[in-house]
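Only the coordinates and a few stated rules stand behind these numbers; no lab work does. Since the structure is predicted, the reported quantities are computational estimates derived from the model, not experimental observations. When we count neighbours, we look across all protein chains shown, and the Cβ atoms used for this are built from the backbone with ideal geometry, even at glycine.
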Amino acid sequence: MPIAPILDVKNLTKIFGKGCPLCHDSTGPEHETNVCRRCGSVVACSDVSFELYLGEILGIVGESGSGKSTVVKLLHFDWDATFGEMYFQNTEDRKQNIDMTIDIDGKNLIALSPFIKRQTRNAFMGVVYQNPHLGLRMDVSSGGNIAERLIMANWRNIAMMRDRASGLLEKIEIPVERMDEPPRNFSGGMQQRVQIAKALSNEPLLLFLDEITTGLDVSVQARVLDLIRKLQRELQLSMIVVSHDFGVIRLLCQRTMVMKYGRIVEKGLTDQILEDPQHPYTQILVSSQL
Amino acid sequence: MLKADNLSKVFNIHILGDKVIEGCENISFHVSKGEFLGLAGPSGAGKSTILKCIYRTYLATGGDIWYDSILYGQVNLATIADPMVIGIRHKEIGYVSQFLKVIPRVSAIDVVAEPLLTRNGASANEARKKAGELLERLNIPARLLDAYPATFSGGEQQRVNIARAVIWKPRLLLLDEPTASLDRESVSIVVELLREMKEQGTSMIGIFHDNELMESITDRVYRVNPEISDVG
Ligand SMILES: Nc1ncnc2c1ncn2[C@@H]1O[C@H](COP(=O)(O)OP(=O)(O)OP(=O)(O)O)[C@@H](O)[C@H]1O
Ligand SMILES: Nc1ncnc2c1ncn2[C@@H]1O[C@H](COP(=O)(O)OP(=O)(O)O)[C@@H](O)[C@H]1O
Ligand SMILES: [Mg+2]
Ligand SMILES: [Mg+2]
Ligand SMILES: [Zn+2]
């Protein structure tokens, strides 16, 4: 039985700065830097290759500045990759009800036009950022935040949008009567949950979660994580979870990639990464967590 | 069904100046369908390491682990890709660790019901009902069913752990000292449960600290590293 990934990423690279032929070879874990020796460009990530399978939660761990958020931002088309490839597969079942101008299966998404990237994002992806200000408009009602996203995914009927928004808020355990309040009024944990509702509103195939519990206090963290576990069970989403907290990774992810200085130094089953880490950096990371 | 062929595991601890630790060496055995193999040997001989290599929590550094998978046919568990291991763990191979890895904020009954929900497509009610019955059979008091196992005694946790692994009836079950912290009565319930599983066709590889128990419950015992003396 072949297992086909829904997302296939090859050599994803992001260089900030003008770049030069030495950028790649003078950066990375063995050079202990992500700054090019010759031209001073920052190689935020390079050679990032992996596959993501249907219904899987894949973790990315690594120290601050290692390139985790960069990878998410490139995959979500917030930033343009310097180069690299990214393929969606087996999106067929979803296509009937989605307004795409071209068939993206098997096409390198990185090389497509900004318009198609936007369409792809609206049809298949959702994201939750560490900072709710990045994902939400704080002074628009929570229902309105969700509706905005639905409009981008081509919803038009106001009553249907309201229904969908209240259904989502219920799912994420926010009282429906607070739907007309702006996220500004909410606690950090509630804001994260509204972000999650918004990210789910277009029924994405792929959800990116970037440090979504960092900075929340422990009991609130727990509720958000439990919500993610519940959603994964119910919705069969594929997710990429970025965290520097192995507790979060252990709880959510079957497979994990470890990043350092913009490179993936190790990837494997999460329990293998934790109990039998191979790369020296992973060994340090794991032993300093326990 | 499973054949370990010269399996070895060496741990390379880079942070201790590339210290090398021998986990297990040149292990060869086979397990036929429906068979129960015991692993015996002194502490530190590498018994747990062998089970973890099979389950792929550890990456073998030498040799092969041939396994007859329903999903993928004949595969080498030492080298197949991670997603296939996930598939096999999901549908075929179960593992009982010596201690329960608690899932925070999930009640005992849900910890045990979860494998049914995610595997056999059972409804939540069905799954909880079966989980409740199994836990009852394992003498977990009813009042504990809705409590979090993190607060349970060692023996209670272990029984929850066993229930979680047994409930979905894996076709190969790996057992690492499943009876270590149990009282006699619980041990005999677990033994009965394992016998039943075996009758229903589950193959097993088990480590038991009690030799007499091991001899009585397994079909055959493989001695790991017999030349090493017992250091406790
Ligand atoms: N706009 C930018 N211009 C220049 N360099 C940038 C820019 N954005 C990010 N970088 C650099 O890219 C590298 C990777 O950053 P990234 O935000 O991906 O790290 P991270 O792994 O998410 O870290 P953290 O755990 O702190 O969130 C860092 O060296 C960062 O300074
Ligand atoms: N994750 C690990 N990292 C380093 N060494 C390990 C690890 N797991 C086991 N070992 C070592 O491998 C050897 C065999 O251990 P183990 O398989 O647990 O023995 P047993 O279960 O037979 O008592 C021991 O020396 C142990 O310290
Ligand atoms: Mg970041
Ligand atoms: Mg052991
Ligand atoms: Zn350069």
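Report the paramagnetic label zone for residue A:139: residues of region A:180-220 whose backbone N is under 12 Å from a point 7 Å from Cα along the Cα-to-Cβ axis. Backbone N within reach: A:184.
Among beta bridges identified by DSSP and lying wholly in the protein assembly as shown, the antiparallel ones come to about 55 percent. Only helices enter this figure: runs of n ≥ 4 DSSP H residues, each worth -39500 (n - 2.57), summed and divided by the residues of chain A, yield -10500 deg cm²/dmol at 222 nm to the nearest 500. Lysine pair count for chain A (Cα-Cα distance under 18 Å; residues 8 or more apart in sequence or on different chains): 21. Cross-link reach is defined here as a Cα-Cα straight distance under 18 Å, omitting same-chain residues fewer than 8 places apart; for residue B:9 the lysines meeting it are B:19, B:47, B:52. Comparing B:87, B:148, B:63 along the charge dipole axis of region B:56-158, the residue lying farthest to the positive side is B:148, per the Cβ-charge model. Over every pair of different alpha-carbon atoms in region A:29-186, take the mean of 1/r and invert it; report that Kirkwood radius in Å. It is 18.4 Å. For the pair region B:163-183 and region B:128-162, the centres of their Cα atoms are 14 angstrom apart. Each residue, residue A:222 and residue A:18, gets one label point 7 Å from its Cα in the Cβ direction; the gap between the two is 5.5 nm. Placing a label point 7 Å from the Cα of residue B:15 along the Cα-to-Cβ direction, the residues of region A:258-275 whose backbone N falls under 14 Å of that point are A:273-275. Counting only cysteine Cβ atoms and a cutoff under 4.7 Å, the protein assembly as shown contains unmatched residues A:45, A:253, B:24, B:53. Spin-label model, residue A:184 to residue A:162: label points 7 Å out along the Cα-to-beta-carbon direction sit 2.3 nm apart. First check a/c for region B:39-145, with a ≥ b ≥ c the square roots of the eigenvalues of its C-alpha gyration tensor; if it is under 1.5, answer rounded, and if not, answer prolate when a/b is larger than b/c or oblate otherwise. Note, shape of region B:39-145 comes out oblate. Judged by the ratio a/c of the largest to the smallest principal axis of the C-alpha gyration tensor, region B:149-232 counts as oblate, that ratio being 1.5 or greater while a/b is no larger than b/c.
Between residue A:176 and residue A:100, the modelled labels are 3.3 nm apart [label points 7 Å from Cα along Cα→Cβ]. For region A:163-185 versus region B:203-218, the inter-centroid distance based on Cα atoms is 55 Å.
The dipole here belongs to region B:59-113: it is taken about the Cα centre, uses +1 on the Cβ of Lys and Arg and -1 on the Cβ of Asp and Glu, and is about 240 debye.
Taking 18 Å as the straight-line reach from the Cα of residue B:129, the lysines in range (excluding those fewer than 8 positions away in the same chain) are B:169.
This model, with +1 at the C-beta of Lys and Arg and -1 at the C-beta of Asp and Glu, gives the protein assembly as shown a dipole about its Cα centre of some 1280 debye. A DSSP coil position with no more than 15 other Cβ atoms inside 10 Å describes the following GluC sites (Glu not before Pro) in region A:13-85: A:32, A:63. Annotation: aspartates and glutamates with alpha-carbon distance below 18 angstrom to residue B:33 (same-chain offsets under eight excluded): B:5, B:68, B:92, B:196, B:199, B:219.
Restricting to DSSP loop positions (anything but H, G, I, E, B) with no more than 12 other Cβ atoms inside 10 Å of their own Cβ, which trypsin sites (Lys or Arg not before Pro) remain in region B:1-110? Filter output for region B:1-110: B:33, B:101.
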